[in-house]
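Asks: Got a structure here, written out as structure tokens. Questions coming.
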Amino acid sequence: MKLTGWVIYNGFLQGDKFRDFAEMLAAAGEARGHQMKLMKNTEILNRIDASGYNNLPSRPDYVLFTDKDIYLASMFEALGIRVFNSSRSIAISDDKIKTQQQLAKEQLPMPKTIVAP
């Protein structure tokens, strides 16, 4: 069975670098025998609703996010689809203080950080 992966990038951001990075990830998946599809997050948001996933053309085995679309990531997780980066990791890494707190909790090396209001 061939795995299917979607690489999702931010459809609002202009510039080749965002699509180039998504294409690089898709090529890596294809090199491993996966069937890959590039998608903008703007192509998906209006297709997932309370009834579920029935109105999308297919269902991926996993999703790779190249952006911080925490809400779309959490929707895929709720549907039981593996997501990389997870909504939790997006939420932590998008906030410098949460990142620092998580690194400290895991006792990982980090620069000294001062938390200010």
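The values are calculated or read from the model by the stated rules, or taken from the named source; none is laboratory data. Being a predicted model, the structure only gives us computed values, none of them experimental. Please note that ligands, DNA and RNA were not included when accessible areas were found on the heavy atoms of the full protein model with its side chains. Shrake-Rupley method; radii C 1.70, N 1.55, O 1.52, S 1.80 Å.
Asks: Under 29 Å from the Cα of K96, which lysines turn up, not counting those fewer than eight places away in the same chain?
Replies: K17, K40, K68, K105, K112
Asks: Give me the 1.4 Å probe accessible area per residue for the chain, excluding ligands and nucleic acids, in Å².
Replies: On a per-residue basis, 68 Å².
Asks: Something else now. Could you please state how large a percent of the accessible area of the chain is carbon and sulfur, counting protein chains only and using a 1.4 Å probe?
Replies: Of all accessible area on the chain, carbon and sulfur atoms account for 54 percent.
Asks: Moving to a separate point now. What number, rounded to the nearest 500 deg cm²/dmol, is the helix-based mean residue ellipticity at 222 nm of the chain, given -39500 (n - 2.57) per DSSP H run of at least four residues and division by all its residues?
Replies: -11000 deg cm²/dmol
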